[in-house]
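One structure is given here, and the rest of the page talks about it.
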Amino acid sequence: IDFLSIPLQKTASDILGLPFQEVKPQINVKPVDNKLNTKYVTLSMQSTCQAKYWNHPTGWQEVVDFLNDQGYKVVLIDKHTSFGIENFMNYTPKNVIDKSSCSLNEAFNYIKNAKFHIGISSGLSWISWALNTPVLMVSSFSQPHCEFQSDCIRIYNDNPTSGYFNTHKLDSSNWNWSPH
């Protein structure tokens, strides 16, 4: 089976010869005293390749502004507030609570206590799902069948330039990888 055409979790079950079933992993998080005394959501927007980013020039700022207007605080849990390469840097929107320097355990606690998590097709979205925090995933990098299906609202723009991860071999050494 072409692994690009199936969910990521099915790849593992196929290798092990097991029937596929979406399984939410169990993560034990050591509690820390980092609760915010307000309603909030967590945000992770950084990635390891430009193709995974939501590249709308004002998109993240519009989302943060909307959530702030709705009474939510937005907690940034990415490792970096800016990331990329020259001419292709990705910056955190304004008006977020910056927790980019926190430990993984602290980030997991912020996620666990958030109303929901907004992210891209990346590890922190998978962690949010595993912690039973609803996920809003903004990603046209991979096709919707690729990641988890339960407890996730997927924002996907289905057009000829969407879902490249499932149609072409990713060159992870090329920050600006694009099959065209």
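The values are calculated or read from the model by the stated rules, or taken from the named source; none is laboratory data. None of the values given here were measured: they were computed from a predicted structure. All Cβ positions, glycine included, derive from the backbone under ideal geometry; neighbour counts span all protein chains shown. Note: accessible area is taken over every heavy atom of the protein model, side chains too, but ligands, DNA and RNA are not part of it. Shrake-Rupley method; radii C 1.70, N 1.55, O 1.52, S 1.80 Å.
May I ask you to give the percent of accessible area on the stretch 1-63 that is carbon plus sulfur, with a probe radius of 1.4 Å?
Within the stretch 1-63, the accessible surface is 58 percent carbon and sulfur.
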Quiz item: How big is the antiparallel share of DSSP beta bridges in the chain, given as a percent to the nearest 5?
Solution: 20
Quiz item: Among (1) -0.26, -1.47; (2) -0.31, -1.26; (3) -0.32, -1.55, which one is log10 I(q)/I(0) by the Debye sum over Cα atoms at q = 0.08, 0.20 Å⁻¹ computed from these coordinates?
Solution: (1)
Quiz item: Taking 0.36 nm per intervening residue step and subtracting the Cα-Cα distance, what contour gain separates L36 from D151 on full extension?
Solution: 39.1 nm
Self-check item: Length-normalised contact order for the chain - Cα pairs under 8 Å, 6+ apart - percent
Solution: 25
Practice problem: Rank-order 22-35, 105-118 by packing density, defined as the average count of other C-beta atoms within 10 Å over each peptide's residues, highest first. | Solution: 105-118, 22-35
Exercise. Order these peptides, 139-147, 78-86, 160-168, by their mean beta-carbon neighbour count within 10 angstrom, highest first.
Key: 139-147, 160-168, 78-86
Self-check item: Neighbourhood charge, 15 Å Cβ-Cβ cut-off, centred on I127 and excluding it, Lys, Arg +1 and Asp, Glu -1
Solution: +1
Quiz item: Where does the chain land at 222 nm, in deg cm²/dmol rounded to the nearest 500, when only DSSP H runs of n ≥ 4 count, each adding -39500 (n - 2.57), divided by all residues?
Solution: -6000 deg cm²/dmol
